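Encoded as structure tokens, the structure appears first; notes follow it.
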Amino acid sequence: MGLRWGPGPIFLAKSRRVVNAAGPQNTPCKVSSKSITQRVLRFSVYHVDRQRKHQLLGQVFFPLKNETLAGDCPRLIWRDLEAESLEPPSEFGDLQFCLGYNNCLRRLTVVVLRAKGLQLQEDTSFVSVCVKVSLMNHNKFVKCKKTSAVLGSANPVYSETFSFKADPAELDTASLSLTVLQVTEGEKSHVLGRVVVGSYMYARGKQLEHWDEMLSKPKELVKRWHALCRTTEP
């Protein structure tokens, strides 16, 4: 897909890499320049059969908050399609993120992608949602980082990357706590849910599997969905 920012609308140049595909197409979308950084583009690719039934092949979420949309030259951007999860949201919602570890740089990387099905507590027009990522070692706090806040959405998209320094010997006693926070007027925060991934000392099930897969695939980013729970932070 290509992206171009004009004087008024945003133009999306879409192309299909299939046999006898049509050329790029421009689709104008009018968006205020003041709110452009809060918007997320969602591209959905469908297969249409002879009965005109639509089957979703995949989708891409493209946040605009970190993009410089200026000039008249279109940008060509490729993204891998992601299959839509057919599972319903968990009781308190779900969080999707990537984990990666680079042995040479001793760097632990977390990419917070998006959440879905969050149970917001207040009027969504007056709340914002962020994710706090905390590195723990022996259940002791090491360092914490936060995503930017997304206004009024139970399905926020972030695509933000965070890095932590961690020696290989520390990974057996380390864990990551990802907490989804709702911030209301007055800067009061409410925990919507939390997930902990880490070694066998601190995680089980899918959370432990995610951590172990990260260690088995050095320098790769391993992406997974996790159900949020309502436990108290240490």
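Residue count for region 127-145 satisfying the condition of being closer than 16 Å to Leu113 by Cβ and either in a loop (DSSP other than H, G, I, E, B) or open to solvent by 30 Å² or more (accessible area, probe 1.4 Å) (or both): 2.
Selection of region 43-72 for residues being touching an Asp or Glu at 6+ places or on another chain (Cβ under 8 Å), modelled with pLDDT under 75 and either surrounded by fewer than 12 Cβ atoms within 10 Å (Cβ to Cβ) or among the β-branched types (Val, Ile, Thr) (or both) yields only Gln55. Would you say Ser90 is of a type in the set (Ser, Thr, Tyr) and at pLDDT below 75? No: the conditions fail for Ser90. Among the residues that make up region 204-218, is at least one of them in contact (Cβ under 8 Å) with a residue 60 or more places away in the chain and either of a type in the set (S, T, N, Q) or more than 30 Å from Leu81 (Cβ to Cβ) (or both)? The answer is no; no qualifying residue exists. Within region 196-214, can you find the residues that are under 14 Å from Ser134 (Cα atoms), of a type in the set (Gly, Ala, Ser) and open to solvent by 10 Å² or more (accessible area, probe 1.4 Å)? Within region 196-214, none qualify. Restricting attention to region 205-217, does a residue exist that is farther than 19 Å from Asn137 by Cα and polar (S, T, N, Q)? Scanning region 205-217, I find at least one residue that is farther than 19 Å from Asn137 by Cα and polar (S, T, N, Q), so the answer is yes.
Arg106 passes every criterion in (1) surrounded by fewer than 18 Cβ atoms within 10 Å (Cβ to Cβ); (2) touching an Asp or Glu at 6+ places or on another chain (Cβ under 6 Å); (3) of a type outside the set (A, V, I, L, M, F, W, C); (4) within 23 Å of Thr231 (Cβ to Cβ) apart from (4). With respect to Thr173, determine if the residue is among the β-branched types (Val, Ile, Thr) and touching a His at 6+ places or on another chain (Cβ under 7 Å). Yes, satisfied.
Does at least one position in region 75-86 carry a residue that is modelled with pLDDT of 70 or more, part of a loop (DSSP other than H, G, I, E, B) and out of contact with any strand residue (DSSP E or B) (no Cβ under 8 Å at 6 or more places or on another chain)? So far as region 75-86 goes, yes, one or more of its residues are modelled with pLDDT of 70 or more, part of a loop (DSSP other than H, G, I, E, B) and out of contact with any strand residue (DSSP E or B) (no Cβ under 8 Å at 6 or more places or on another chain).
Here region 146-173 is the region considered, the condition is being closer than 15 Å to Val196 by Cα and without any contact (Cβ under 8 Å) to a residue 40 or more places away in the chain, and the residue that is most open to solvent (accessible area, probe 1.4 Å) is Asp172.
With the condition kept exactly as written, say whether any residue in region 182-195 is assigned to a strand (DSSP E or B), open to solvent by 40 Å² or more (accessible area, probe 1.4 Å) and of a type in the set (S, T, N, Q). So far as region 182-195 goes, yes, one or more of its residues are assigned to a strand (DSSP E or B), open to solvent by 40 Å² or more (accessible area, probe 1.4 Å) and of a type in the set (S, T, N, Q).
The values are calculated or read from the model by the stated rules, or taken from the named source; none is laboratory data. This is a predicted model, so every value here is computed, not measured. Neighbour counts are summed over all protein chains in view; Cβ atoms, including those assigned to glycine, are modelled from backbone coordinates with ideal geometry. Heads up: the accessible areas ignore ligands, DNA and RNA and are worked out on the full protein's heavy atoms, side chains in. Shrake-Rupley method; radii C 1.70, N 1.55, O 1.52, S 1.80 Å.
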